[in-house]
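Take a look at the structure below.
The values are calculated or read from the model by the stated rules, or taken from the named source; none is laboratory data. Everything quoted here is computed from the prediction, not taken from an experiment. Cβ: placed from backbone, ideal geometry, glycine included. Neighbour counts: every protein chain shown.
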């Protein structure tokens with residue numbers, strides 16, 4: 001049994017486990033700090049339940065347990081002061097399919113899908129999958145924090161029925177949007193008569209202790225009626241392999257169109273995914289608290305170390321476990337390849353619409369993080 005205070009420092013060897021994250025560099029000495037997948041064991045309550053389910057040996061089709069809807073409603077009220085109804089929930093086998101379904105809903109109504117950049121790559125592919133133009137709005141750097149550029153936003157040409165895909169909290173820059181920012185954005189949405197798909201998968205991973213996640217749809221009925229909110233326990237409790245996410249849609253007509261767009265294409269989440277999601281939400285909160293404390297320490301350590309590396313500028317994330325790094329002043333042609341050759345596998349900013357930037361995954365042991373940063377430091381010093 002791992003001691004509680006050492007839990008996140010002791011992880012299983014993931015090599016040879018069909019892990020996407022660890023298989024990429026399985027034949028080389030490159031430390032994988034790229035895809036948003038943590039190396040930590042899920043909460044013990046979740047692992048225990050999964051073991052019992054496996055011992056039963058039955059893996060048939062499942063339905064959403066009533067208790068899962070109930071705990072989602074309760075958590076929304078307790079954590080975000082957001083009162084939702086369980087009839088608003090639509091369960092999905094993953095967040096990316098939710099992004100794509102949202103675009104499919106608007107494929108005949110929208111002239112474009114707008115999104116901030118840099119952003120999670122499926123935000124680019126989802127609109128084009130349905131023949132929609134993807135309009136990219138660069139974020140604004142204010143001090144050491146990225147936010148929406150409202151001057152550029154208000155100058156945009158839009159049409160009634162367009163869709164804005166919001167990443168909130170933001171991947172990869174780690175911004176936790178404030179109420180004032182969200183209210184200003186909401187005013188734009190209402191004035192332009194457009195809709196929002198808000199990806200809030202990192203909502204339970206706020207690292208700054210003085211901040212709180214505010215669901216975009218919680219700002220009022222008018223905004224809620226224009227919003228598809230996407231959430232999941234997968235990032236929070238390290239359960240992405242079990243494919244269980246959900247949409248919150250209060251507008252009954254919008255929900256009808258969303259569900260119609262799923263027909264014949266999108267399967268239900270697996271039975272085990274449903275059960276593990278409920279278990280994590282009900283009994284994983286103490287684990288989540290310790291996780292956030294560990295990630296916060298990883299963040300602070302990494303930011304301090306990278307600030308001392310010439311040519312690199314780290315942006316301390318307010319939320320998520322992802323660290324965005326400006327490497328444009330590094331004297332190399334391709335920062336991503338440069339650090340790969342040094343033995344550190346990061347995400348390439350090019351994939352997020354930002355060449356010259358990098359994304360580092362903080363969801364690893366302190367030991368691995370120190371080793372990776374040591375390699376990065378030596379590589380930078382060699383220039």
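Of the candidates 113, 119, 96, 47, the single residue that is within 21 Å of residue 169 (Cα to Cα), at pLDDT 95 or above and surrounded by fewer than 20 Cβ atoms within 10 Å (Cβ to Cβ) is 96. Scanning the range 211-234 for residues that are within 22 Å of residue 280 (Cβ to Cβ) and crowded, with 21+ Cβ neighbours inside 10 Å turns up 215, 229, 230, 231, 232, 233, 234.
If you check residue 374 against the conditions, is it part of a loop (DSSP other than H, G, I, E, B) and either closer than 29 Å to residue 202 by Cα or touching a helix residue (DSSP H, G or I) at 6+ places or on another chain (Cβ under 8 Å) (or both)? The answer is no for residue 374. When you look at residue 84, is it surrounded by 17 or more Cβ atoms within 10 Å (Cβ to Cβ), in contact (Cβ under 8 Å) with a residue 40 or more places away in the chain, within 17 Å of residue 181 (Cβ to Cβ) and touching a helix residue (DSSP H, G or I) at 6+ places or on another chain (Cβ under 9 Å), yes or no? Judged against the criteria, residue 84 is not a match. Screening the candidates 369, 383 for the property of being surrounded by fewer than 18 Cβ atoms within 10 Å (Cβ to Cβ) and in contact (Cβ under 8 Å) with a residue 24 or more places away in the chain yields one hit, 383. Of the set (1) touching a helix residue (DSSP H, G or I) at 6+ places or on another chain (Cβ under 6 Å); (2) in contact (Cβ under 8 Å) with a residue 60 or more places away in the chain; (3) more than 24 Å from residue 163 (Cβ to Cβ), all apply to residue 228 but (3). Among the residues of the range 51-70, those identified as out of contact with any helix residue (DSSP H, G or I) (no Cβ under 6 Å at 6 or more places or on another chain) and not in a loop (DSSP other than H, G, I, E, B) are 51, 52, 54, 55, 56, 66, 70. Of all the numbered requirements in (1) in a loop (DSSP other than H, G, I, E, B); (2) within 22 Å of residue 280 (Cβ to Cβ), residue 250 misses one, and that requirement is (2).
In this entry, residue 105 passes the filter for residues that are assigned by TED's automatic domain parsing to the domain that holds residue 271, surrounded by 21 or more Cβ atoms within 10 Å (Cβ to Cβ) and more than 24 Å from residue 236 (Cβ to Cβ). The set of residues from the range 313-340 being assigned to a helix (DSSP H, G or I) and in contact (Cβ under 8 Å) with a residue 24 or more places away in the chain comprises 338, 339, 340.
Somewhere in the range 283-305, is a residue within 22 Å of residue 32 (Cα to Cα), touching a strand residue (DSSP E or B) at 6+ places or on another chain (Cβ under 6 Å) and not in a loop (DSSP other than H, G, I, E, B)? Scanning the range 283-305 turns up at least one residue that is within 22 Å of residue 32 (Cα to Cα), touching a strand residue (DSSP E or B) at 6+ places or on another chain (Cβ under 6 Å) and not in a loop (DSSP other than H, G, I, E, B). For the range 135-149, name all the residues that are in a strand (DSSP E or B), free of Cβ contacts under 8 Å to residues at least 60 places away in the same chain and touching a strand residue (DSSP E or B) at 6+ places or on another chain (Cβ under 7 Å). 135, 137, 138, 140, 147 - these are the residues of the range 135-149 that are in a strand (DSSP E or B), free of Cβ contacts under 8 Å to residues at least 60 places away in the same chain and touching a strand residue (DSSP E or B) at 6+ places or on another chain (Cβ under 7 Å). Every condition in (1) touching a helix residue (DSSP H, G or I) at 6+ places or on another chain (Cβ under 7 Å); (2) closer than 16 Å to residue 379 by Cα; (3) in contact (Cβ under 8 Å) with a residue 40 or more places away in the chain; (4) surrounded by 17 or more Cβ atoms within 10 Å (Cβ to Cβ) is met by residue 310 except one, and the failing one is (4). Checking the range 156-179 against the condition returns no match, with no residue being over 29 Å from residue 72 (Cα atoms), at pLDDT below 95, out of contact with any strand residue (DSSP E or B) (no Cβ under 9 Å at 6 or more places or on another chain) and loosely packed, with under 14 Cβ neighbours inside 10 Å.
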